[in-house]
Amino acid sequence: MNLVVGAIRVMEGGLRVAAALCLVVMFALVIMQVALRYTGGGVPVFTEEAARYAMIWSALLASAVAVREGSHIHIDLVPALLRAVARPLALALAFVLDVISVGVFGVLFWQGIGVVAFAAGQRSEGLQVSLAWPYAVIPIAFGCALVFALARLVLRDRLG
């Protein structure tokens, strides 16, 4: 069990680093665009597209980390009321919501693989790379979110 928890923590750390690197790349590209635009130099065509892809990768990888932490967007009114009134019902609701999350992330992961396969034959306009590379974040992020949601479901309090 400790091996699984350790692997999940390593995966989370890797996602955090990758999301931060994407954010740094996006920031550098945008600063470069602005500097080149106002100094009279020409802005390379690929910079805006690369910055956009970096932003998308950063957001989706960070959303997988949010699933791990349980800090993703959710409405807490009903669970908060249930925790105050009937703790067993609140735990049951949390379990059901985690099962639904696993299902949603599983579908998004599976469909993301199809999107990557579909996009593999196309090239991006600015970078001239296969669109499979920017779209690869979909199965990666939702696959990680699926693992994290399964871990939350199975391990419950042991993730820490």
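Taking 0.36 nm per residue of sequence separation and subtracting the Cα-Cα distance, how much length would be gained by fully extending the chain between Gln122 and Ser71, in nm to one decimal? Walk me through the intermediate numbers first.
Details: separation 51, 0.36 × 51 = 18.36 nm, distance 3.54 nm.
Length gained between Gln122 and Ser71: 14.8 nm.
Treating each Cα of the chain as one equal point scatterer and applying the Debye formula with no solvent, the log10 of I(q)/I(0) at q = 0.09, 0.13 Å⁻¹ comes out as -0.41, -0.74.
Taking amide hydrogens as placed 1.01 Å from N in the peptide plane, the amide H of Val129 sits under 5 Å from those of Ser124, each at least 5 positions away in sequence or on another chain. Helix-only arithmetic for the chain: the sum of -39500 (n - 2.57) across DSSP H runs with n ≥ 4, divided by the residue total, places the mean residue ellipticity at 222 nm at -27500 deg cm²/dmol. In plain terms, the chain from Ala59 to Val34 could stretch by 6.8 nm, reckoned as 0.36 nm per residue minus the Cα-Cα distance.
Pairs of Cα atoms nearer than 8 Å and 6+ residues apart set the relative contact order; for the chain it is 25 percent.
All of the numbers you see were taken from the coordinates with simple rules; none came from a lab. For clarity, every value in this text was computed on a predicted model and none was experimentally measured.
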